[in-house]
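As structure tokens, the structure follows; a few thoughts come after it.
The values are calculated or read from the model by the stated rules, or taken from the named source; none is laboratory data. As the structure is a computational prediction, the values presented were derived from the model and not from experiment. FYI the Cβ positions are ideal-geometry reconstructions off the backbone, even for glycines, and counts take in every protein chain you see.
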């Protein structure tokens with residue numbers, strides 16, 4: 001799947017990043033409350049610019065397996081965070097997903113809405129069989145978001161990530177396509193769009209996204 005992607009939910013539009021998003025992205029990429037559990041941050045301006053450029057470049061790959069999308073408010077168009085879903089090789093039919101929101105967007109159910117949109121897109125457009133995500137074991141809010149989005153806890157990966165001078169343990173969550181079709185996941189997807197303090201990103205790299 002190549003080309004531009006838009007995922008719409010009740011209150012959000014997840015769209016492709018643009019170069020004029022850099023300033024908005026950088027504001028949350030340097031907020032210690034936002035990147036606290038993330039494998040990146042605080043970003044330099046060059047790191048944020050490089051992320052946006054990589055996200056833009058990924059749109060032209062065919063097959064396209066990585067989708068980095070800005071989270072914007074449907075009503076105003078304001079950028080409030082970033083999200084992504086990355087498919088493994090096509091034959092594997094698995095993908096991992098993640099998201100982060102500006103601090104002033106927390107506590108409103110928007111992270112759950114974004115996660116549900118990614119899940120719907122993964123199953124209905126990417127045709128994957130399994131979607132997974134991780135969160136720091138201390139990040140209770142993110143765990144709640146993944147559970148509300150229909151994902152199931154598989155277990156804990158002990159000391160799986162070296163982060164800011166200490167080992168981090170992660171909770172591993174997943175959902176499979178049969179669970180989504182049974183209505184477990186709240187996301188609905190159709191014709192390339194999904195109708196319908198949280199942060200998570202599976203197998204991340206510091207340079208991969210803010």
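Things worth noting here:
- Tally of residues being assigned to a helix (DSSP H, G or I) and farther than 25 Å from residue 141 by Cβ across the range 1-42: 4
- Test: residue in the range 170-183 that is under 19 Å from residue 114 (Cα atoms), over 15 Å from the mean Cα position of the chain (by Cα), part of a loop (DSSP other than H, G, I, E, B) and at pLDDT 50 or above: yes
- Which listed residue, of 112, 161, is touching a helix residue (DSSP H, G or I) at 6+ places or on another chain (Cβ under 7 Å) and either closer than 18 Å to residue 37 by Cβ or in a strand (DSSP E or B) (or both): 112
- Qualifying residue in the range 43-57 (condition: assigned to a loop (DSSP other than H, G, I, E, B) and touching a strand residue (DSSP E or B) at 6+ places or on another chain (Cβ under 6 Å)): no
- Meets criteria (in a helix (DSSP H, G or I) and out of contact with any strand residue (DSSP E or B) (no Cβ under 8 Å at 6 or more places or on another chain)) for residue 141: yes
- Whichever residue in the range 75-94 is part of a loop (DSSP other than H, G, I, E, B) and touching a strand residue (DSSP E or B) at 6+ places or on another chain (Cβ under 9 Å) and, among such residues, is surrounded by the fewest Cβ atoms within 10 Å (Cβ to Cβ): 77
- Test: residue 97 is over 24 Å from residue 25 (Cα atoms) and surrounded by 22 or more Cβ atoms within 10 Å (Cβ to Cβ): no
- Index of the failed condition, residue 110 passing every other in (1) within 15 Å of the chain's Cα centre (by Cα); (2) modelled with pLDDT under 95: (2)
- Hits in the range 9-47 (condition: buried (at least 19 other Cβ atoms within 10 Å of the Cβ), in contact with a helix residue (DSSP H, G or I) (Cβ under 8 Å, 6 or more places away or on another chain) and within 16 Å of residue 70 (Cα to Cα)): 9, 12, 14, 17, 21, 25, 26, 28, 29, 34
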